[in-house]
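First up is the structure itself, then whatever we jot down about it.
The values are calculated or read from the model by the stated rules, or taken from the named source; none is laboratory data. It should be emphasised that the depicted structure is a prediction, and the values quoted were computed from it without experimental measurement. Because the Cβ atoms are built from the backbone with ideal geometry, glycine has one as well, and the counts that use them run over all protein chains shown. Only protein heavy atoms, including side chains, enter the accessible area calculation; ligands, DNA and RNA are left aside. Shrake-Rupley method; radii C 1.70, N 1.55, O 1.52, S 1.80 Å.
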Amino acid sequence: MSVRVRFAPSPTGYLHIGGARTALFNWLYARHAGGIFVLRVEDTDDARNTREAVDVILDGLRWLGLDWDEGPVSGDAMQESKGDRGPYFQSQRGDIYQRRIQELLDNELAYEHEGAIKFRMTREPVTIPDLVAGDVVRKLTDREEADPDFVIVRSDGKPVFHLVNVVDDIEMGITHVIRGEDHLSNTSKHVELFKAFGVELPKFAHIPLILNNDGSKMSKRDTGASMTTYMEGGYLPAAVVNYLSLLGWSPKDDTEVMPVAELIKRFDLPGVQRANARFDMAKLDWLNFEHIRALEPDDFIAQALGQLQAAGIDTAARDADYTNAALALCTDKIKNLNDIAGYIGFFFRDAVEFNAEAAEQAFTPENRPHLAALREAYADLTQFDADSLMESLKATAAAREVKNKVLVMPARVACTGSKVGPSLYHLMEVLGQAEVVKRFDAALETM
RNA sequence: GACCCCUUCGUCUAGUGGUUAGGACACCGGCCUUUCACGCCGGCAGCACGGGUUCGAGUCCCGUAGGGGUCGCCA
């Protein structure tokens with residue numbers, strides 16, 4: 001029987017990083033096993049389940065690249081979904097639940113109680129076979145001891161989570177339930193429900209939770225809890241996927257930087273960790289850097305152009321060679337996509353925006369004659385490539401009996417406005433002789 | 001209160017009775033670099049605690065402590 005897994009989020013208005021990781025593990029397992037990844041929207045609840053809230057989830061999954069084989073096409077529950085096991089919105093599956101509830105009622109496995117319907121739960125310990133945690137024997141808590149039966153249909157007629165979750169997994173032919181460990185205790189209820197319906201249990205795999213860096217529970221308000229943090233934070237989806245995969249799963253050797261294709265190839269349930277993991281932004285940042293530098297040149301350029309455009313920097317006026325040469329200087333230096341505009345924006349601005357501190361340090365009265373001399377030397381150059389620029393600067397410094405550094409920083413600030421940036425000689429080569437001289441002149445004006 | 005899961009450097013992890021307990025991120029040095037990075041070299045740092053079992057325990061058992069989860073007519 002082929003693998004069928006599902007991600008079943010409740011549309012709460014944001015995609016939690018833990019939910020994203022659960023979706024990722026399901027997706028990786030499906031892709032690894034050549035199975036089907038189902039997306040099911042658990043919108044049985046109340047008014048908070050809006051189309052917008054569903055779209056937030058779908059957008060987050062799409063951004064990560066987690067495509068689903070069956071499920072909604074959009075956040076609109078009324079729109080037809082893809083897949084033949086639908087509907088994939090629980091709000092549209094009322095008749096299915098009614099049938100299943102009646103089945104339980106007919107078999108006297110459930111009964112009415114004060115307008116609600118309750119399920120006859122066993123009082124015996126329930127064994128939960130779990131691929132990650134092993135066989136978990138769940139005893140009744142003292143409160144459950146007092147009344148083991150639980151509500152499956154509210155008095156207002158709406159079926160509750162435990163019931164619909166199990167019914168859907170049965171109807172949709174789910175073979176592996178991969179979900180957060182926060183569901184482990186409640187799985188005893190699900191196990192009994194599956195038995196009541198007379199079907200075989202799916203394989204359960206409860207994965208550890210993601211905690212804050214200090215070990216506390218990660219809730220909506222905590223930094224990094226929402227996927228939007230990464231979607232807007234200059235991260236590559238591949239980096240986030242890679243990092244998330246390593247939280248609670250290990251390939252068992254020391255491999256860490258892995259493209260999605262390799263994760264699919266290597267991911268499997270036996271490698272899933274038992275203990276909760278803490279979120280470490282620094283490590284994500286490092287992986288982001290690794291994935292950015294691993295980008296194909298064309299992909300990097302596409303990313304960079306998008307960033308520059310978003311920052312309001314117009315690159316259309318420049319020719320492609322110039323733009324590509326400027327972007328090429330960022331290779332291996334950019335750690336976050338959001339840094340690109342600040343790093344090389346100067347290439348595309350007519351007037352350099354001077355960083356106040358940098359200008360104060362570099363544009364001193366003592367430096368003025370040195371920079372003026374370099375300006376003349378550069379204006380006379382017949383070859384304007386990086387090597388010539390370096391030789392010329394060294395010669396100028398020697399002639400004026402100052403260290404190279406005395407010329408380097410004013411030149412850098414004059415060209416870029418900043419103390420940090422790409423290699424000075426290379427960036428001047430790209431800027432071109434006329435532009436460099438022009439920028440030196442503008443700097444000299446302020447000194 | 002009850003029930004369930006978990007516990008190796010600060011963090012993510014390797015480790016399935018015999019290892020100088022390995023790697024990565026972070027951090028701290030040095031080299032390279034006439035910017036910032038990258039890179040290279042080196043360093044700091046861990047088996048929660050207490051009992052067992054065993055010739056031998058990070059690995060097995062029990063207990064304690066700590067962390068997380070669940071016990072709802074929320075999902």
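Just name the residue that is least open to solvent (accessible area, probe 1.4 Å) out of those in region A:74-119 that are at pLDDT below 90 and of a type outside the set (Gly, Ala, Ser).
Restricting to residues being at pLDDT below 90 and of a type outside the set (Gly, Ala, Ser), the top hit is A:ASP76.
Quick one: count up the residues across region A:177-189 that are within 23 Å of A:ASP43 (Cβ to Cβ) and either in contact with an Asp or Glu (Cβ under 8 Å, 6 or more places away or on another chain) or touching a residue at least 40 places away in the same chain (Cβ under 8 Å) (or both).
Looking only at that region, the number is 6.
If you go through region A:57-68 one residue at a time, how many are buried (at least 20 other Cβ atoms within 10 Å of the Cβ) and within 16 Å of the chain's Cα centre (by Cα)?
So the answer is 6.
Being under 30 Å from A:ALA261 (Cα atoms), of a type in the set (Val, Ile, Thr) and within 16 Å of RNA strand B (Cβ to nearest atom) is the filter; apply it to region A:23-55 and report the residue that is modelled with the highest pLDDT.
Looking at the filtered set, the residue picked out is A:VAL38.
List the helices (runs of 4 or more DSSP H) that sit entirely inside region A:152-271 and contain at least 2 residues that are under 28 Å from the mean Cα position of the chain (by Cα) and buried (at least 22 other Cβ atoms within 10 Å of the Cβ).
So the answer is A:161-171, A:237-246.
Just a yes or no: is a residue in region A:385-394 open to solvent by less than 40 Å² (accessible area, probe 1.4 Å), of a type in the set (S, T, N, Q) and touching a helix residue (DSSP H, G or I) at 6+ places or on another chain (Cβ under 7 Å)?
Yes, that holds for at least one residue.
Checking the condition assigned to a helix (DSSP H, G or I), acidic (Asp, Glu), away from RNA strand B (no atom under 14 Å from the Cβ) and free of Cβ contacts under 8 Å to residues at least 60 places away in the same chain, which residue from A:ASP285, A:ASP298 passes?
A:ASP298
Identify all residues within region A:344-385 that are β-branched (Val, Ile, Thr) and touching a residue at least 60 places away in the same chain (Cβ under 8 Å); write none if there are none.
Across region A:344-385, the qualifying residues are A:ILE344, A:VAL352, A:THR364.
Looking only at region A:1-35, which residues are within 14 Å of A:TRP68 (Cα to Cα) and of a type in the set (Lys, Arg)?
A:ARG4, A:ARG6, A:ARG31
Determine whether region A:396-411 contains at least one residue that is buried (at least 19 other Cβ atoms within 10 Å of the Cβ) and away from RNA strand B (no atom under 12 Å from the Cβ).
no
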